[in-house]
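What follows is a short report on a single structure.
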Amino acid sequence: GSAEDSKDEL
Amino acid sequence: MNVFRLTGDMTHLASILVLLLKIYATKSCSGISLKTQELYALVFLARYLNLFTDFISVYNTVMKLVFIGSSLAIVWCMRMHKMVKRSYDQELDTFRHYFLIAGCFLLALLVNEKFMFPEVLWAFSIYLEAVSTIPQLVLLQRSGNVDNLTGQYVFLLGAYRALYILNWIYRYFTEPHFSRWIACVAGLVQTALYADFFYYYFLSWKNNAKLQLPS
């Protein structure tokens, strides 16, 4: 889902 | 990683280096809002909680440490370093930033991707970053003339999020399940706040004149 991968940015 | 995001991160890093240069070289923080620096330290602490739990890449970890470390060092410098804190425009830096913190936290409780502690804090950090520059922009308008390094600092700080918007557009078209509407809307607000600063910064560059913000 979007919640997990949204942490790949600073 | 795409060129927009990498350029954005480098622009963000450059803004911090310019600010560190200004404080270190001139031993002065005149024109710099301590409240904005405190808000940025809070933004990084709230957003990078997963620093030690989720390893994404060496780059990601190193940059998070640099952002947290530099923002805390700048706040420490402006509060404790005897020479630097003497040049702090305390009587001009009076924006009530605690209202920004409370408002963003409330909004994060209401609007987030998942009602989980890390997600609420992440949304809080995104909203807070969008408004963090307000005390700094208010201070610039009150202090009239802006020294070059301070002007460059604010310009780079505004430009980095504009590059991130290009990054989100790029990822939207190249990644199937890409959805980052919270960061995108907040990023648009954040960049829009710099609109008039960008205009006067461009004028000062075009006319090769001192940066003057109308008070």
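A short reminder: the numbers here are calculations on the coordinates, not readings from a lab. Bear in mind the structure is a predicted one, so any value in this text is a computation, not a measurement. Note: ideal-geometry Cβ built from the backbone for every residue, glycine included; neighbour counts use all protein chains shown.
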Derived scalar couplings ³J(HN,Hα) [segment B:174-180; Karplus, 6.51 cos²θ - 1.76 cosθ + 1.60; whole Hz; x for Gly, Pro]: 10, 10, x, 9, 8, 9, 9
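At a Förster radius of 25 Å, what calculated FRET efficiency corresponds to the Cβ-Cβ distance of B:Ala102 and B:Ile56, to the nearest 0.05?
For R0 = 25 Å, the calculated efficiency reads 0.25.
Evaluate E = 1/(1 + (r/R0)^6) for B:Leu21 and B:Gln141, where r is the Cβ-Cβ distance and R0 equals 25 Å; express this FRET efficiency to the nearest 0.05.
Details: r = 24 Å, r/R0 = 0.94.
Step by step, r from the Cβ atoms, then E = 0.60.
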Note down the nm distance, to one decimal, between modelled labels 7 Å out along Cα→Cβ at B:Asn148 and at B:Met1. 3.1
Counting helices only, and only those DSSP H runs with n ≥ 4, report the 222 nm mean residue ellipticity of chain B as the sum of -39,500 (n - 2.57) divided by its residues, in deg cm²/dmol to the nearest 500. -24000 deg cm²/dmol
Separation between the B:Tyr170 and B:Leu49 pseudo-spin-labels, each 7 Å from Cα along Cα→Cβ, expressed in nm? 3.0
Contact order normalised by length for chain B, with contacts defined as Cα pairs under 8 Å and 6 or more residues apart; what percent is it? 30
Could you list, in their original order, any pairs among B:Lys85/B:Lys114; B:Lys64/B:Lys114; B:Lys82/B:Lys210; B:Lys64/B:Lys85; B:Lys85/B:Lys210; B:Lys64/B:Lys210 whose Cα atoms are separated by more than 31 Å? B:Lys85/B:Lys114; B:Lys64/B:Lys210
Residue by residue, what Karplus-based ³J(HN,Hα) values in Hz, rounded to whole numbers, does segment B:27-39 have, using 6.51, -1.76 and 1.60 with θ = phi - 60° and x for Gly and Pro? 6, 9, 10, 5, x, 9, 8, 5, 5, 5, 5, 5, 5
FRET efficiency for B:Val185 and B:Leu109, using Cβ-Cβ distance with R0 set to 22 Å, rounded to 0.05: 0.85
